[in-house]
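Student: Just passing along the structure, written as structure tokens.
The values are calculated or read from the model by the stated rules, or taken from the named source; none is laboratory data. None of these values were measured; they are calculated from a predicted model. Virtual Cβ from ideal backbone geometry, glycine too; neighbours counted across all protein chains shown. All accessible areas refer to the heavy atoms of the entire protein, side chains included, with ligands and DNA or RNA removed. Shrake-Rupley method; radii C 1.70, N 1.55, O 1.52, S 1.80 Å.
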Protein chains: 4
Amino acid sequence: MKIDESQPPGYTAEKDALAKRMRRIEGQVRGVGRMIEEDTYCIDVLTQISAINAALHAVGVTLLHDHMSHCVADAARESPEAGEAKLAEASAAIARLIKS
Amino acid sequence: MKIDESQPPGYTAEKDALAKRMRRIEGQVRGVGRMIEEDTYCIDVLTQISAINAALHAVGVTLLHDHMSHCVADAARESPEAGEAKLAEASAAIARLIKS
Amino acid sequence: MKIDESQPPGYTAEKDALAKRMRRIEGQVRGVGRMIEEDTYCIDVLTQISAINAALHAVGVTLLHDHMSHCVADAARESPEAGEAKLAEASAAIARLIKS
Amino acid sequence: MKIDESQPPGYTAEKDALAKRMRRIEGQVRGVGRMIEEDTYCIDVLTQISAINAALHAVGVTLLHDHMSHCVADAARESPEAGEAKLAEASAAIARLIKS
């Protein structure tokens, strides 16, 4: 369903901020691994896992926003069919994000 | 609400397996950071984020199961009040996990 | 995996409150149907759908809490195997609730 | 943040199908209320609640798709600012749907 990927993705302007957020999440995940190795109380580990999930969802929503603002909008300007194909692809990604 | 944390947490038997799963998730998060730095197509990044969320939720459900099988059950044997307090704490963690 | 269902379910004490909450949710769902028929602005319909999902999840967490407090605890008193079977069943229900 | 609501919402073409899906969900919610009143086994009630949540999320994704395909696209044609405002509003709705 991908129509044109030769252009830079929609999140280009925020690339550094997003990469930084992912490094922070990576540190949180490493922290949970350490908590498990150090026999941390289960509920505290679960609280941290919920925080990581929320952070990942927030990155996902930012990526989606930028994707719709650029890739989907560009495709819609190209042709209604191209726009609709991109939108269907984005909707499927939203459905996956909601389920995860 | 924490009653007794002097004992090892309920996930002791699976500690190595859980720590290993967290290291794999850490690698997936690092991979998403790299995808963003390499301008990977947004939808592919989102698919990977959904996969990480699902993996984290699965670890959370395993931790919850072990917690209820050990900490909550031990507390319930101690006294109905202690068991109920642990269960209320676990229910709050489930609610946070569902929202995240 | 169901072991003994001859007893009343764990939520008996709160049955009326839970049935009342479900009637309120039923009214909210009917309201969304009406909003759609009256061409209500999409975002307002979505806000209402999110509120219904949150209300359903809250009922789910209450049911789970009562289930673990009664059915799972009773099974654990019967035998460790019966307790573990009930707990595995509850964990699978938690996983389904998280995904939904 | 709502810019122009004088037009029919984006889901007009599928209005009947969506209203029908909401009536089916309303019946499922009423069914859960009845299950609770009839002391149905907790896990079976939870399975049904998960099914309703999934059905509501699916309606939400359909509404979002139609909203982006019409309202957001129309606003973007009007002006970049109008398009961006509608998109920010849609992203906030997606974030609420993910959390619910």
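Student: Would you please name the residue that is most open to solvent (accessible area, probe 1.4 Å), looking only at residues in the stretch C:41-58 that are touching a helix residue (DSSP H, G or I) at 6+ places or on another chain (Cβ under 6 Å) and touching a residue at least 12 places away in the same chain (Cβ under 8 Å)?
Tutor: Out of the qualifying residues, it is C:Gln48.
Student: Working only within the stretch C:91-100, note down all residues that are at the interface with chain D (Cβ under 7 Å from one of its Cβ atoms), open to solvent by less than 20 Å² (accessible area, probe 1.4 Å) and closer than 13 Å to B:Ile94 by Cβ.
Tutor: If the condition is that a residue be at the interface with chain D (Cβ under 7 Å from one of its Cβ atoms), open to solvent by less than 20 Å² (accessible area, probe 1.4 Å) and closer than 13 Å to B:Ile94 by Cβ, then C:Ala93, C:Leu97 are the ones that fit.
Student: Identify the single condition in (1) closer than 20 Å to D:Ile52 by Cα; (2) more than 7 Å from every other protein chain (Cβ to nearest Cβ); (3) open to solvent by 30 Å² or more (accessible area, probe 1.4 Å) that C:Gly31 does not satisfy, given that it satisfies every other one.
Tutor: Among (1) closer than 20 Å to D:Ile52 by Cα; (2) more than 7 Å from every other protein chain (Cβ to nearest Cβ); (3) open to solvent by 30 Å² or more (accessible area, probe 1.4 Å), C:Gly31 violates only (3).
Student: So which pairs qualify, if the first residue must be in the stretch D:18-33 and within 15 Å of C:Glu37 (Cα to Cα), the second must be not in a helix (DSSP H, G or I), the Cβ gap must be under 8 Å, and the two must be at least 6 apart or on different chains?
Tutor: That search, which allows pairs on different chains as well, returns D:Leu18/D:Tyr11.
Student: Another question about this same structure. Would you say D:Arg24 is touching a helix residue (DSSP H, G or I) at 6+ places or on another chain (Cβ under 8 Å), part of a helix (DSSP H, G or I) and open to solvent by 50 Å² or more (accessible area, probe 1.4 Å)?
Tutor: yes
Student: Based on this model, can you work out whether C:Asp74 counts as modelled with pLDDT under 95 and not in a helix (DSSP H, G or I)?
Tutor: No; evaluated as a whole, the condition is false for this residue.
Student: Kindly provide the set of residues from the stretch B:41-60 that are over 17 Å from A:Ser91 (Cα atoms) and either facing another protein chain (nearest Cβ under 7 Å) or modelled with pLDDT under 95 (or both), ordered by number.
Tutor: Scanning the stretch B:41-60 gives B:Ile52, B:Asn53, B:Ala54, B:Leu56, B:His57, B:Val59, B:Gly60.
Student: Considering only the stretch C:67-89, state which residues are touching a residue at least 12 places away in the same chain (Cβ under 8 Å) and within 7 Å of another protein chain (Cβ to nearest Cβ).
Tutor: C:His67, C:Met68, C:Ser69, C:Cys71, C:Leu87, C:Glu89
Student: Also: Report, by residue number, each residue of the stretch A:69-84 that is over 17 Å from the mean Cα position of the chain (by Cα) and either closer than 14 Å to D:His67 by Cα or buried (at least 16 other Cβ atoms within 10 Å of the Cβ) (or both).
Tutor: Across the stretch A:69-84, the qualifying residues are A:Ala73, A:Asp74, A:Ala75, A:Ala76, A:Ala82, A:Gly83, A:Glu84.
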